[in-house]
Amino acid sequence: MAQATTTKLRPVPDRVLARTMAPVPASTTQLRPLHDRVLVKRLERLDDKHGSIIIPDSAREKPQEGKVIAVGTGKVTEDGKKLPLALKAGDRILFGKYSGSEVKLDGQEYLIMKEEDVLGVLGS
């Protein structure tokens, strides 16, 4: 005859899945870029009026200046080493006219671009 084995089960207490997280300000986003990419928010230019010509928003050139919102962990080389990025969150940068991919999150427009698309850091 085969013997039946019995196991004792421990009672599992009711778990409350409440994680304590710091409140996130409304101006930050939950998107984290990967590897050598950065998340950038374009900085709006001040309206320069020359005479009485009014240029509509759709015809205006998009600014090439932005603020870094988040950065990736770093570029991975062929050897498997991770190189840290030269940029950090909060940097004001200049980038090319057609750089990056546009992303819309929570009604805000952002750009995701590689670090190599950044032309320079302003005020460093």
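Odds and ends about this structure:
- Annotation: LYS75 carries an accessible surface of approximately 100 Å², with a 1.4 Å probe and no ligand, DNA or RNA atoms counted.
- Accessible-area order (highest first, 1.4 angstrom probe) of the listed residues ASP36, ASP106: ASP106, ASP36
- From phi via Karplus (6.51, -1.76, 1.60), per-residue ³J(HN,Hα) for segment 93-106 in Hz, x at Gly/Pro: 10, 10, 9, x, 4, 10, 7, x, 10, 7, 9, 10, 10, 6
- Computed accessible area, LEU87, all protein chains, 1.4 angstrom probe, square angstrom: 20 Å²
- Over all other residues within a Cβ to Cβ distance under 9 Å of ASP36, the charged ones net out to +1, with Lys and Arg as +1 and Asp and Glu as -1.
The values are calculated or read from the model by the stated rules, or taken from the named source; none is laboratory data. The shown structure was predicted, so the numbers you read here are calculated from the model rather than taken from an experiment. Cβ atoms come from the backbone with ideal geometry, glycine included; neighbour counts cover every protein chain shown. The accessibility values were calculated without ligands, DNA or RNA, using every heavy atom of the protein model including side chains. Shrake-Rupley method; radii C 1.70, N 1.55, O 1.52, S 1.80 Å.
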